[in-house]
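The values are calculated or read from the model by the stated rules, or taken from the named source; none is laboratory data. Just so it is clear, the model here is predicted, and its values are computed rather than measured. Virtual Cβ from ideal backbone geometry, glycine too; neighbours counted across all protein chains shown. Heavy atoms of the whole protein, side chains included, go into the accessibility calculation; ligands, DNA and RNA do not. Shrake-Rupley method; radii C 1.70, N 1.55, O 1.52, S 1.80 Å.
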Amino acid sequence: QSRINFVCPSLLWVSAVPSSPPGIVSTYQLEDQESNSPFVVVVNHTLDSFLGDGTEQTASMFLSSIVRVGHRVLLSLEKKNEHSDTVEDYEGLCPVLENSPSPRNFWCTGGQGWSMIGSKKIPGFLYFISWDGATDAEGPFLFELNLPVSRSNCHNPVFVSVSGTMPLMNYITYTEDFLRTFMSEDDRAKGVELPFSKPYGISSFPQDDNDEGIAGDLGMKLACSSTLKESIKAAIEVEGGIDDVILTALQSISSPSTQPEKIMDSATIQRERSNRSKMLTMSHAEKSRRLLRHCSSWTQLDDKRANRGIVTGQVIMATVRFGTSQSCLTLRTNVVANPNATPYHQVLAWLCQRRDYFTAASIALSLLQDFDAVYELRGIPKTSEGEVISHQGLLDGITPLLNDDFKGGKFSGPQLHTLTSLADMTVGCLIKGGTVMAPTLDGFLARNPFYEAPRACLMLVGTVAAVISQESSNVAKHHNNCNIVKVLSTLESPREDVLWPVRCLLKMAVTRKCLPSVLLMLNATIPNELRWRSPKTRGLAESPRPSLSLCLAIVGMILESANEATRYFLNLRDEDSCLPYWFSIDDQTRLALSILSIHGKFVLLQEPEFRSWALEKLKDEVHSSVDFNNVQYDLPSEWLKEIVTGAFCNAGCDIGLGFDSSVLRKSEAFESTRDEYNSCYRQDMLRIENLLNPQKNSGGLDYDLLIAALLILVQRDEKWRDGTSIPTQILLNVVSDKAGRKTGIDQKFIFDGATTMRLCALSENYQATAFLIGGKNGIILECADIIISNLGLSMNEAELLLFAGSVNEMKDFVTRIYRKVQIEKKQFAEFFPSESQQHLLWLLEHYSMNVRK
């Protein structure tokens, strides 16, 4: 522990106008008695307000000062000679040791928030100190300035002179110009300096009762395809208006409008087609560049010549002469343009140009007083009592915002526009920070009310295009004519670096209720990724498809974002084919998307487009299965199983949640105790009937899809779900029995019994047909099925047998039946009722004789 041996206080420097607040830099010397090492302590005293002595006779004024957190620095006075390996103590270092009356051995100069201190007698003792940003733990920023020192000067130091340099720009003139340009009369009186005080443009296309008026405005102001105009019109009807910046950005990346060919010559037609082809083959990187250039908050953060001239230009602030050597200290030009404090946009731009997005985002969030975001970004835990942790020095030297407005929650005029600009730049800083800052950005977009949603949309969509352009270098595998469900099980999830911009974009869209326009931007920017199709290329070369896992991930996030997102998404029109989304994708993509699960629901199964397509595919599959020469399946069995499971999940049935695992399990002693087995499939149906009860407000079971898919699985002798204990035929029987019955639940889709009956007949599945028919005719068909399956009769023969009026009419079948009974007697020493016989007894008991055991 050091002990002060001597104190030698002295005043080094007093700040001059326009420093605010003014300050005094003082120093004192001390020595560690144990190591005999001398030190100098430099302290920055910030002047407080003036105080009078309370009397009118004397006009004396008192000045008080405070030492802010971290405004002290400790410098060692031991200087290692660069020409020797020994440490030398320079004579005359301390006035107390020399018994002299405090000579000025140190000099100091400075400006707003910084100081430069040196020694007149110690060669190379020169430091630059930044008081702005000082913290209690680390103190101020300290940088040692290395001046050229000759060998002779090391032992014979000469006097050092410091001169201030007058900047070329006049402070007062600049301040007057700034106030005159950006501020109102009230703000000029308050002395408030707020950048970006002009408002953004309002929505250009508000919703109007006159649809023709909207279409006319779009036609005059936008030179884009008619498909895009229709999509914009649909988004306007939902949102009530779309901002100019969105429309301009869409126009820059979309195909130009095509006028009727009858009013154009051949050269004009060819030029229009060429322009359309160029737009369709535009790269993701080019789309990203075009989108981002429309957002001023993003362009200010870019490393461009205009920005570098503002924030990185240098101006001479002081000159130092040491012996025959002379050096200059230069600082950025903004210390001239902004003598007291630097506007936040220049600080954020300077930090982003140096890729220090962490500090830039921290400053922006602190200015907006979003402490939750700052805690999350900087990893600062809150105390148990919830006290706000101060971020020392983070906002030093930056033009402050009006804290009174934050407390009152009322903003108007230039203050509101400034907060909007700052919030937009905050979004830009967090986006540039990438994946590590994505959680903070996600929370900021949900909380902050100031950022402009259209500009945030442009920045995020442009980022989506940029990250996808970097992923496109990895050639995706083709999956044509393959089992798409098996392919899905082998896919790897996309990297988080690609997904986070989409996730944040959708969070903003839902929070600000602008999902249609956001989906419109995504559809125009990444149409091929949304449809898993090969992009357009020039010439005959065929480009590979994009990543299937990326397509599924993006579509899944869209469908998951909101309940209405599915309908908005399916309404998107493809600018190339001019068709709605579902009709602009191929069957392989439809198969993959149809089994996409969102929170346990297969949402696309409940949409009319998918349902009509799926029913048509299932119908074709049943027809093709009748042809025994056809061994190729268009619909994979794995896909059919997913459809069945999805229909149960959408209805909220217990069987869709896997509660069938303990149902219909045969005992281990079944084979040895055959007499205990006293069951028919009717009893099995009763055991699982309650598992198929749909939940209220679920829309009920989609019997058309279920029965068609189960019919095909029965034909292929496939289980309806891997590992299940319920036979597919038993499940089909229960579903068929429930179809058309009144359950007290409003069905979302009307059951088409006639078409389903026809499919059952084509499949020759008499059990399902019997339960669909129901009543007396159904029981007759059920008995006919038992006769056919046990006696090997045809349907016509079974009908004759069931409707025979006498034994004579049955004489043709008696011999056949007798022979089969004789064979069964030879197989078993004692009689056991077969499953079919028990089934007939069950029917007699319940529908005819009501026999009781």
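What to note about this one:
- Within the range 525-539, the set of residues being under 14 Å from VAL461 (Cα atoms) and open to solvent by less than 10 Å² (accessible area, probe 1.4 Å) comprises THR525, ILE526, LEU530.
- Apart from one condition, THR815 fits all of (1) among the β-branched types (Val, Ile, Thr); (2) closer than 30 Å to LEU732 by Cβ; (3) modelled with pLDDT under 75; the exception is (2).
- Within the range 612-650, being in contact with an Asp or Glu (Cβ under 8 Å, 6 or more places away or on another chain) and modelled with pLDDT under 90 holds for SER624, TYR633, ASP634, LEU635.
- From PHE602, PHE583, PHE610, PHE569, residue being more than 25 Å from the chain's Cα centre (by Cα), on the phi < 0 side of the Ramachandran plot and open to solvent by less than 30 Å² (accessible area, probe 1.4 Å): PHE610
- Of the residues screened, SER252 is one that is in contact with a Leu (Cβ under 8 Å, 6 or more places away or on another chain), open to solvent by less than 20 Å² (accessible area, probe 1.4 Å), of a type in the set (S, T, N, Q) and modelled with pLDDT of 60 or more.
- Selection count where residues are outside any helix (DSSP H, G or I) and within 11 Å of VAL245 (Cβ to Cβ), scope the range 294-303: 2
- Within the range 421-439, residues that are more than 15 Å from THR359 (Cβ to Cβ) reach partners that are basic (Lys, Arg) and open to solvent by 10 Å² or more (accessible area, probe 1.4 Å) with beta carbons closer than 7 Å, at six or more positions or on different chains, in the pairs ASP424/ARG455.
- Cβ separations smaller than 9 Å between residues 6+ apart or across chains give the following pairs from the range 742-759 residues that are over 23 Å from GLY652 (Cβ atoms) to residues that are at pLDDT 80 or above and among the polar types (S, T, N, Q): MET757/THR769; LEU759/ASN765.
- Residue list for the range 687-710, filter: in a helix (DSSP H, G or I) and out of contact with any helix residue (DSSP H, G or I) (no Cβ under 8 Å at 6 or more places or on another chain): ARG687
- From the options PRO95, PRO140, PRO123, residue that is at pLDDT 80 or above and either assigned to a loop (DSSP other than H, G, I, E, B) or under 55 Å from the mean Cα position of the chain (by Cα) (or both): PRO140
- On the stretch given as the range 326-367, residues that are open to solvent by less than 30 Å² (accessible area, probe 1.4 Å) and either under 14 Å from LEU430 (Cα atoms) or part of a helix (DSSP H, G or I) (or both) total 19.
- Failed item in (1) among the β-branched types (Val, Ile, Thr); (2) in contact with a Lys or Arg (Cβ under 9 Å, 6 or more places away or on another chain); (3) at pLDDT 85 or above, with VAL347 passing the rest: (2)
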